[in-house]
């Protein structure tokens with residue numbers, strides 16, 4: 001529009017100029033030549049001026065971006081996750097899975113409406129070498145828990161990545177992922193009982209990425225051994241260690257995969273478990289204490305498929321993990337009564353297989369199957385009459401979910417589960433959950 | 001920086017058994033695979049989008065070995081930090097991306113996990129094309145209520161052919177910085193590209209003259225640079241807010257508005273779902289036009305030149 005006006009003006013001015021010029025000296029052919037020259041000059045100047053006007057006009061509407069884009073302009077990137085659920089449960093969530101009374105049992109389930117943990121995350125580059133992340137979860141009943149607080153550097157180059165502070169361990173596939181990106185409202189049973197949902201520790205991690213065309217990564221961690229299967233150890237040296245390796249690649253543009261193996265080793269010292277069922281059938285169970293070594297191995301695999309590789313439209317994800325935990329030490333039976341120590345060793349294991357399908361841009365659905373094996377414990381003679389060594393029951397669960405994601409920052413989920421993790425206590429569960437993220441746009445892990 | 005090209009002969013000794021030869025081949029292949037990050041004498045380039053891979057190809061020829069992180073049918077906003085991307089970034093000497101937060105959902109993870117200090121933001125190996133062009137649609141306020149807006153402005157700068165000139169110049173300078181031994185070659189490639197590109201722009205502008213002032217609807221706010229260049233007039237978008245899926249109710253509303261502000265065609269990028277634009281096209285009796293958006297987006301868009309040839313041909317066909 002404005003361009004047209006400029007052109008009209010130019011033409012009008014030019015015409016006016018040429019008429020008056022021609023009218024003045026129409027007799028002299030030489031001066032006509034000069035005038036033509038003059039006109040050409042005028043024309044050029046006008047065009048230049050016109051261009052300048054146009055440039056200023058566009059500059060008025062836009063701005064040249066000289067600064068590199070960055071999520072933070074010195075202020076750290078702040079993000080907050082708000083989440084809440086409505087839950088309908090037929091059984092008491094405090095009852096542990098059969099055979100896992102001496103493991104972690106933090107379901108996080110609450111009957112009815114409840115606010116879930118609000119997660120506040122602050123991250124920024126510290127200087128050219130280091131970057132830092134702090135993630136704090138605010139419990140609905142009050143109190144702040146430092147979920148993650150670590151410093152990371154890739155300044156070492158050569159594929160090395162160093163992290164220290166408190167962080168989620170790199171073992172398995174799901175372990176590093178924050179709860180707001182979980183595909184289900186809760187963790188697989190095997191994560192709940194063997195890792196207390198998510199294994200985090202205070203320590204350091206070193207990873208090395210091989211200079212290969214396919215993804216090959218190995219990593220090791222040493223830490224305090226703060227959380228299950230460890231116990232907070234107030235001693236010099238490391239209380240826990242983790243080793244892991246991952247390998248992954250694409251198959252064409254539509255498929256990608258990653259597979260991994262992990263090993264974790266720690267010690268449990270005077271770990272007390274309450275309400276543990278026993279052979280004499282004490283009502284409400286007894287309290288036992290265990291000290292010994294714990295070693296866990298794991299396998300994980302994930303495969304993703306998306307038509308044309310366009311995950312915005314549709315994708316399919318299949319993942320599975322298997323963990324096997326061996327504990328060996330001394331069990332003290334009934335610490336408030338008979339206090340009988342005895343040798344105790346057991347191998348527990350579990351796996352899950354799940355698949356999530358995004359069938360249209362805003363909708364996903366998923367199915368998960370969980371199974372645990374409490375193992376057959378070898379129990380010392382002194383406690384053989386008291387401690388249950390074989391529960392002869394394999395806890396399992398089938399879960400279905402669907403979620404609606406109107407934008408990248410919003411997720412509303414319905415989840416139904418048929419839980420048979422507790423022998424004789426079938427639990428049909430309903431979850432309705434919202435997860436909303438506000439603030440900085442976090443980048444997602446694979 | 002540069003490592004010597006290893007001469008690996010896979011030839012087996014004829015006197016030895018066939019099994020030995022096979023084993024030797026396997027061994028060498030796996031060795032090659034393992035060392036492939038180092039054996040290329042060429043500059044290792046990680047291009048975030050196909051258009052930047054194509055531009056790097058124009059400017060660096062065989063002096064660069066280029067990996068393209070995203071396909072033409074992928075939404076570049078939504079890509080996952082796949083293991084393969086991290087592995088490729090590990091060995092890259094130069095990263096060529098759009099920037100302006102287009103890759104914010106995946107690039108930070110790829111960079112962090114790559115353990116490669118040469119391509120971190122601020123280093124010579126990190127190149128953002130958006131820094132060298134005049135940005136459009138820079139929001140005056142940043143609020144997620146406005147959808148997925150980018151603070152630095154609309155990042156889809158590759159739809160205006162003129163933007164490639166300043167980007168090419170800056171990219172060529174960067175190639176020279178990283179690989180000074182081939183400076184003369186890069187300089188020559190730039191001069192030749194500039195010349196061909198300027199001629200091509202003049203040709204495209206001439207061809208596209210009938211498009212000036214033509215009203216269009218777009219699926220996503222992906223074309224402000226194209227509109228600015230060719231003088232197209234965008235009257236509506238199918239996404240209620242940038243990045244949000246078009247709902248049936250909103251499409252109905254757009255259709256209603258079309259009565260008052262008619263448009264000649266509805267355009268979308270090849271990676272976007274065709275259903276919303278076809279729905280509108282059918283009801284408003286206007287053509288739905290698919291544009292390549294990047295190199296490879298349509299079968300015709302095989303390189304940077306044919307990408308714009310095809311874009312203009314498709315728009316002109318939409319006028320008929």
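Listed by position, the strands (runs of 3 or more DSSP E) contained in the range A:86-180 that have at least 2 residues being in contact with a strand residue (DSSP E or B) (Cβ under 9 Å, 6 or more places away or on another chain) and under 20 Å from residue B:110 (Cα atoms) are A:118-125, A:131-138, A:144-153, A:160-168. In the range B:214-243, the residue that is surrounded by the fewest Cβ atoms within 10 Å (Cβ to Cβ) out of those that are within 14 Å of another protein chain (Cβ to nearest Cβ) and out of contact with any helix residue (DSSP H, G or I) (no Cβ under 9 Å at 6 or more places or on another chain) is B:215. When the range B:142-162 is filtered for residues that are at the interface with chain A (Cβ under 8 Å from one of its Cβ atoms) and touching a residue at least 60 places away in the same chain (Cβ under 8 Å), the ones remaining, listed by number, are B:147, B:148.
May I ask you to verify whether residue A:248 is part of a strand (DSSP E or B), buried (at least 16 other Cβ atoms within 10 Å of the Cβ) and over 19 Å from the mean Cα position of the chain (by Cα)? No: the conditions fail for residue A:248.
Assess whether residue A:371 counts as being surrounded by 18 or more Cβ atoms within 10 Å (Cβ to Cβ), closer than 23 Å to residue A:187 by Cα and within 14 Å of chain B (Cβ to nearest Cβ). I'd like the intermediate steps shown before the answer.
Working: surrounded by 18 or more Cβ atoms within 10 Å (Cβ to Cβ): yes; closer than 23 Å to residue A:187 by Cα: yes; within 14 Å of chain B (Cβ to nearest Cβ): no.
The answer is no for residue A:371.
Number of residues in the range B:113-141 that are over 17 Å from the mean Cα position of the chain (by Cα), surrounded by 20 or more Cβ atoms within 10 Å (Cβ to Cβ), assigned to a helix (DSSP H, G or I) and facing chain A (nearest Cβ under 8 Å) equals 2. Considering (1) at negative phi; (2) at the interface with chain A (Cβ under 8 Å from one of its Cβ atoms), the lone condition that residue B:100 does not fulfil carries the number (1). Just one residue in the set A:413, A:368 is touching a residue at least 40 places away in the same chain (Cβ under 8 Å), within 27 Å of residue B:241 (Cβ to Cβ) and under 25 Å from the mean Cα position of the chain (by Cα); that residue is A:413. Only residues that are surrounded by 15 or more Cβ atoms within 10 Å (Cβ to Cβ) and farther than 20 Å from residue A:287 by Cβ were counted across the range A:94-113, and they come to 4.
Of the listed requirements (1) modelled with pLDDT of 95 or more; (2) within 14 Å of chain B (Cβ to nearest Cβ), residue A:360 misses just one: (1). Across the range A:206-226, the number of residues qualifying as more than 20 Å from the chain's Cα centre (by Cα) and within 29 Å of residue A:268 (Cα to Cα) comes to 5. With respect to the conditions (1) surrounded by fewer than 16 Cβ atoms within 10 Å (Cβ to Cβ); (2) over 24 Å from residue A:87 (Cβ atoms); (3) touching a residue at least 12 places away in the same chain (Cβ under 8 Å), residue A:361 falls short on a single one, namely (1). Suppose we keep only residues that are surrounded by fewer than 15 Cβ atoms within 10 Å (Cβ to Cβ) and under 21 Å from residue A:437 (Cα atoms) within the range A:139-164. Which one would you say is nearest to the other protein chains (Cβ to nearest Cβ)? Checked the range A:139-164; the qualifying residue nearest to the other protein chains (Cβ to nearest Cβ) is A:146.
Only residues that are crowded, with 21+ Cβ neighbours inside 10 Å and out of contact with any strand residue (DSSP E or B) (no Cβ under 7 Å at 6 or more places or on another chain): list them for the range B:260-295, please. Passing the criteria: B:271, B:272, B:276, B:292, B:294, B:295.
I'd like to know if the range A:186-208 contains one or more residues that are at pLDDT 95 or above, away from chain B (no Cβ under 14 Å), surrounded by fewer than 17 Cβ atoms within 10 Å (Cβ to Cβ) and not in a loop (DSSP other than H, G, I, E, B). Looking for residues that are at pLDDT 95 or above, away from chain B (no Cβ under 14 Å), surrounded by fewer than 17 Cβ atoms within 10 Å (Cβ to Cβ) and not in a loop (DSSP other than H, G, I, E, B), one finds none in the range A:186-208, hence no. For the range B:72-97, a residue qualifies if it is at the interface with chain A (Cβ under 7 Å from one of its Cβ atoms) and outside any loop (DSSP other than H, G, I, E, B), and the qualifying residues are B:83, B:84, B:86, B:87, B:90, B:91.
The lone criterion from (1) crowded, with 20+ Cβ neighbours inside 10 Å; (2) within 19 Å of the chain's Cα centre (by Cα); (3) farther than 23 Å from residue B:223 by Cα left unmet by residue B:104 is number (3). Taking the conditions (1) within 7 Å of chain A (Cβ to nearest Cβ); (2) touching a strand residue (DSSP E or B) at 6+ places or on another chain (Cβ under 8 Å); (3) at pLDDT below 95 in turn, residue B:106 satisfies each one other than (2).
The values are calculated or read from the model by the stated rules, or taken from the named source; none is laboratory data. In this text the structure is predicted, and so the values were computed from the model without any measurement. Neighbour counts are summed over all protein chains in view; Cβ atoms, including those assigned to glycine, are modelled from backbone coordinates with ideal geometry.
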